[in-house]
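Participant: Below are the structure tokens for one structure; questions will follow.
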Amino acid sequence: MPALRPQTPSQTVGPFFHYALTEEPVDRLDPDGQAGEPIVVLGTIRDGVGDLVADAMVEVWQADGGGRYRHPADGRAADVPSAFIGFGRVATSRDTGEFRITTVMPGTVPGRDGSVQAPHLNLQLFARGLLDHLHTRIYFDGVAANENDPVLASVPAERRHTLIAHRDGDEDGLPRYRFDVVLQGEDETVFFDA
Amino acid sequence: MEGAPSPASGGYRRRDRSAYPPYDHPAYKSTGARHPKQALVPLGHTLSEVTGPGPALAEVMPEDADLTTNAGTGSEAMGERIIVTGQVLDEDGTPQPNTLVEVWQCNAAGRYVHEGDQHPAPLDPNFIGRGRSVTDEDGSYRFLTIKPGAYPWRNHPNAWRPAHIHFSLFGPALVTRLITQMYFPGDPLHELDPIMGSIPREHWHRLIGVYDHGITQEEWALGYRFDIVLRGPDATPFEAGGAGALA
């Protein structure tokens, strides 16, 4: 077998990406209102000394309300509403440290070996001080499918709560879920080696 | 553990940790409070990881790749004009077409068009410091820009970042997402930069553009080649969530 080409290593996004990557935030994932039940997801990112990380970039990737990804590897992609790419990209606010997207509650997604994955957003986190981005998932409190989710099951029970967003009210008439990320220390968010 | 991910059964190859920077790198101070202290949890690839936004992001305008004029002022950016071009490949050497490549950089004086950059170097009204390109059928991208300057930062006494261009790529899947930096050959600041130093020295060449006289254009611009290798598909086909299984 021929030798593989070596992967290009990661480097930090640095503090000055905003004007290039998030000048036009992608924060409304379902402009046509066709892809599922609308929700707001917001949160903060805190570092190991409890400070808000106000120079981070958050990317989400998700399935539509039917659990389908807009991508050729998903054989059901043709059924995803045309305006729903499933991708969002925002910066944390330099004033409040919050990130916020308006999206839809994803459906369940097929997992490995016939398993079913509970509704989740895939989240990738970039910031000054992160030489490689971090990968995690946002699940939703009170969803029955969480009980059988194989990825949640792979996480030590005492850390699973770090992957669950909680309903914390309404915003613009939509159910709002909060997902606060902790980079380091007590209640450190579970990050995945994906 | 039942349901636990098994790295051997498909998806994309793992990251090459021998060449990747660690999250904790004390020489780069900002990693101190920002690196996770718990080990990453292994995640076997499912439909969630082998899909990604890449294929949907392949629309940009040709003028977006010319950073010397895309400020739209009608005047050109100041500095040493350069061409940066290369191929996006996977580990098997397969070209990756239709890949969005986003770049950003400081100007020739070492200043970013960013309110957070307080380095007292001049801003160039004809330079917005960002560009986008989509790779062609050969996996190739091409930018016309100006050589960025070095600039000081406060990581340690007399700290200067080597000249660099930031690169952002999605590739075909969520797990091929990459943000990296291209450096310039022969820069004495490489040795002193803790961000480059986060990577073992034998891998630095993967982050340094190569001067290429064949790309250089007479009386116009110097040329650099910077190829980028993304994670490739594992030899074992992904079975559980593959298109066939779901169609």
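Participant: What is the set of long-range amide H partners of B:Trp153 at a cut-off below 5 Å, with H atoms built 1.01 Å from backbone N?
Facilitator: Those qualifying (amide H under 5 Å, at least 5 residues apart or on another chain) are B:Ala159, B:Trp160, B:Arg161.
Participant: Calculate the FRET efficiency for B:His213 and A:Asp113 from the Cβ-Cβ distance with a Förster distance of 51 Å, rounded to the nearest 0.05. Please list the in-between numbers first.
Facilitator: Values: r = 54 Å, r/R0 = 1.05.
Here the calculated transfer efficiency is 0.40.
Participant: Can you tell me how much longer the chain between B:Lys29 and B:Leu192 gets when fully stretched, taken as 0.36 nm per residue apart minus their C-alpha distance, in nm with one decimal?
Facilitator: That pair, B:Lys29 and B:Leu192, stretches by 57.3 nm at full extension.
Participant: Name the residues whose placed amide hydrogens come within less than 5 Å of the amide hydrogen of A:Arg137, ignoring near sequence neighbours (fewer than 5 apart) on the same chain.
Facilitator: It is A:Leu123, by chain and number.
Participant: List the accessible area buried at the contact between B and A, summed over both sides and calculated with a 1.4 Å probe, in Å² to the nearest 100.
Facilitator: Result for this pair: about 7200 Å² buried.
Participant: Largest first and to the nearest Å, give the Cα extent of the protein assembly as shown along each principal axis.
Facilitator: Here the Cα extents, ordered largest to smallest, are 65, 48, 42 Å.
Participant: Residues of segment A:1-158: accessible area per residue at 1.4 Å, in Å²?
Facilitator: Result: 36 Å² of accessible area for each residue.
Participant: If you don't mind, there's one more thing I want to ask. Set the Förster distance to 22 Å, then compute FRET efficiency between A:Glu24 and B:Ala121 from the Cβ-Cβ distance, nearest 0.05.
Facilitator: 0.25
Participant: Looking only at B:Asn155, B:Asn107, B:Asn70, which one moves most when chain B is put into a Gaussian network model with springs between Cα atoms under 10 Å?
Facilitator: Ranking B:Asn155, B:Asn107, B:Asn70 by mean-square fluctuation puts B:Asn155 first.
Participant: Let me ask something else. Rounded to a whole number, what is D in µm²/s for segment A:97-175 from Stokes-Einstein with the Kirkwood radius over alpha-carbon pairs (10 °C, 1.306 mPa s)?
Facilitator: Translational diffusion coefficient: 111 µm²/s.
Participant: Now, a different point. Determine the share of segment A:87-194's accessible area contributed by carbon and sulfur atoms, expressed in whole percent, with a 1.4 angstrom probe. Intermediate results must be reported in sequence, preceding the final value.
Facilitator: Values: 1740 of 3810 Å².
Carbon and sulfur: 46 percent of the exposed surface of segment A:87-194.
Participant: For chain B, how big is the tail of P(r) above 28 Å, as a whole percent of Cα pairs? Could the numbers behind the result be given before it?
Facilitator: On the way: 12148 of 30381 pairs.
Of the Cα pairs, 40 percent sit more than 28 Å apart.
Participant: What whole-number value in Å² describes the accessible area per residue of segment B:99-247 for a 1.4 Å probe?
Facilitator: That works out to 41 Å² for each residue.
Participant: Could you work out how far apart the two model spin labels at B:His205 and B:Asp227 are, taking each label as a point 7 Å from the Cα in the direction of the beta carbon, and quote it in nm?
Facilitator: Computed distance between label sites B:His205 and B:Asp227 equals 1.2 nm.
Participant: Now, a different point. How many percent of the accessible area of chain B is carbon or sulfur, using a 1.4 Å probe?
Facilitator: In chain B, the share of accessible area belonging to carbon and sulfur is 55 percent.
Participant: Between segment A:142-194 and segment B:170-187, what is the C-alpha centre distance in whole Å?
Facilitator: 29
Participant: State the extension gain, in nm to one decimal, for the chain segment bounded by A:Ala153 and A:Gln34, taking 0.36 nm per residue of separation less the distance between their alpha-carbons.
Facilitator: Contour length minus Cα-Cα distance gives 39.7 nm.
Participant: How far is it, in nm, from the label point at A:Arg94 to the one at A:Asp168 when both lie 7 Å from their Cα along the line to the Cβ?
Facilitator: My value for the distance between the label points is 2.3 nm.
Participant: Continuing with the same structure: Let me understand chain A better: what is its radius of gyration from the alpha carbons, and its Dmax, in angstrom?
Facilitator: Values for chain A (Cα only, Rg and Dmax): 16.9, 57 Å.
Participant: Can you compute the equivalent ellipsoid semi-axes for segment B:63-153, i.e. the square root of 5 times each eigenvalue of the Cα gyration tensor, sorted largest first and rounded to whole Å?
Facilitator: Details: eigenvalues 150, 42, 21 Å².
Working from the Cα gyration tensor, I get semi-axes of 27, 14, 10 Å.
The values are calculated or read from the model by the stated rules, or taken from the named source; none is laboratory data. As the structure is a prediction and not an experimental result, all values here were calculated from the model. With ideal geometry, Cβ positions are generated from the backbone for all residues, glycine too; neighbour counts draw on all protein chains shown. What goes into the accessible areas is simple: the full protein's heavy atoms, side chains included, and nothing from ligands, DNA or RNA. Shrake-Rupley method; radii C 1.70, N 1.55, O 1.52, S 1.80 Å.
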